[in-house]
1. Would you mind telling me which residue in Glu322, Glu362, Glu314 has the biggest mean-square fluctuation in a Gaussian network model of the chain, where springs connect alpha carbons within a distance under 10 angstrom?
2. Let me know the shape class of segment 48-206, please: from the alpha-carbon gyration tensor, a ≥ b ≥ c as square roots of the eigenvalues, rounded when a/c is under 1.5, otherwise prolate if a/b is greater than b/c, or oblate.
3. Using the 10 angstrom Cβ neighbour count as an exposure proxy, how do Asp324, Asp103, Asp304 rank, fewest first?
4. Give me Phe415, Phe101, Phe265 ranked fewest to most by other Cβ atoms within 10 Å of their Cβ, as a rough exposure proxy.
5. For Ala150 and Arg33, FRET efficiency with R0 = 60 Å and r from the beta-carbon atoms, rounded to 0.05?
6. I need the calculated FRET efficiency for the pair Ser293 and Gln94, taking r as the beta carbon distance and R₀ as 25 Å, to the nearest 0.05.
7. Once label points are set 7 Å from the Cα along Cα→Cβ at both Glu42 and Ala134, what is their separation, rounded to one decimal in nm?
8. Size of the dipole of segment 48-206 about the Cα centre, Lys and Arg at +1 and Asp and Glu at -1 on the beta carbon, nothing else charged, in debye to 20?
Amino acid sequence: MYLDIGNVLETSPGITEETLERLDERVEIAHERIAAGMEAEEHGYAALSLPETVDTEEIRAAVEPFGTPEAVLTVGIGGSALGAATISAALSDQTDVEAHFLDNVDPEDTAALLESLPLEETVVNVVSRSGTTAETLANFLVVRQAMEDAGVDWTEQAFVTTGEEGNLRNLADKHDLPSLKVPDGVPGRFSALSTVGLACGALQGLDIESVVAGAASEKAKLSGSLQNSPGYAYGAVCYSLAERGALTNAMMPYAESLEYFAEWFAQLWAESLGKEGLGQTPARALGATDQHSQLQLYRAGPRDKLVTLVRPREREDIDIPETDLEGLSYLGGAGLGELLDAEFEATEASLAVEGIPNIRIELDRIDAHGIGELLYGMEAATVMYGELAGVSTFTQPAVEWGKKAARGLLGGGEFAEADAVADKLEFTIE
């Protein structure tokens, strides 16, 4: 993974090279804390050790009984699905096994998905650390019923990824389902490089070993200086820019296969860093599509944004046919990839000329190794940002509040948070 921060120097908001030198001193101190947390396998910090601790052979053994299905359906929400979805989408050209994700409880979408799936040839992976996540269990009950109605023995086509205790663990034991354990000390949004994020890829026949190897190559770069680690540098620079007013971070990959990555990043960044009135709001964009929409705001709107541009250095291309249409002849002989790269560089220059901070992230190519680099780099960036900001990176109290409120409304227990719903102020206009 390569990082270019040249376009955050002397921008508005922006930082100077002198600022980077002072920031580097703080990165050294933060790295010592991170390294100690990894060594002690502390909650959260253990995620950065996954390239060494995840057992890909265990994952492959768990899914081996299912052979090669037509489709894989992951039932989870948030970090229980987004990591797997990011890997699957990035590497979709390397498999014929379709991957689908039930990560919301929209009844119409769920019904449409189940109607479209070949249920007799679909493997279902239910993912929840606690085994009590309401959305996940509700969706699984619906999927199980759909399989039974279709005459499919769901116990032959399901496995679970969960903790050592809870409803899903009990279900796996009762029906003798294959299972994988969610690693201790790894929050869901940091679990892409674990059993949680890699099982779907294993079922699709993807090279999950190379994903882990890519992550390991980024882990090897972690050091006491942002000059040596793209991940640390990204986190530190984003923190410094946020302190100077860049409170929105627009993640804009220039590859359709990385669109899910932007969604994964949004959860990681928001849930980890949005604490105590601090944090940087992630926005999701896609190049070149959103050059024709969101870029107008980023370039000419309030000067409170950082734009992060992501692309591969190498990709397959498609030639653009020659044409005699007036004003379009310049396109003939070029390629779609060449055009996309030109769009990338034009956006970058457009922002720079206007003094809008932007960062370039590049991979050699979008393959298993590259996606592993990118995932690990962004996780390291998040932890570094959290250390510098002094926030509790690995907790999510606001998320837990909402879970309790929803559970209380559904009769799942007595929760004071549910009472707040009745206290809502209404001002209705019809």
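1. Looking only at Glu322, Glu362, Glu314, the largest GNM fluctuation is found for Glu322.
2. Numbers: a/c = 1.41, a/b = 1.23, b/c = 1.15.
Rounded, since a/c falls under 1.5.
3. Details: Asp324 7, Asp103 20, Asp304 14.
Going from sparsest to densest Cβ surroundings: Asp324, Asp304, Asp103.
4. Values: Phe415 16, Phe101 23, Phe265 27.
Least to most surrounded, the residues fall as Phe415, Phe101, Phe265.
5. Details: r = 53 Å, r/R0 = 0.88.
It comes out at approximately 0.70.
6. Numbers: r = 31 Å, r/R0 = 1.23.
My answer for the efficiency is 0.20.
7. 3.3 nm
8. Computed charge dipole of segment 48-206: roughly 540 debye.
Where a number appears in this text, it was derived from the coordinates with a stated rule and is not lab data. Quantities reported herein were computed from a predicted structural model and do not represent experimental measurements. Positions of Cβ are generated from backbone atoms using ideal geometry, with glycine treated the same way; all protein chains shown enter the neighbour counts.
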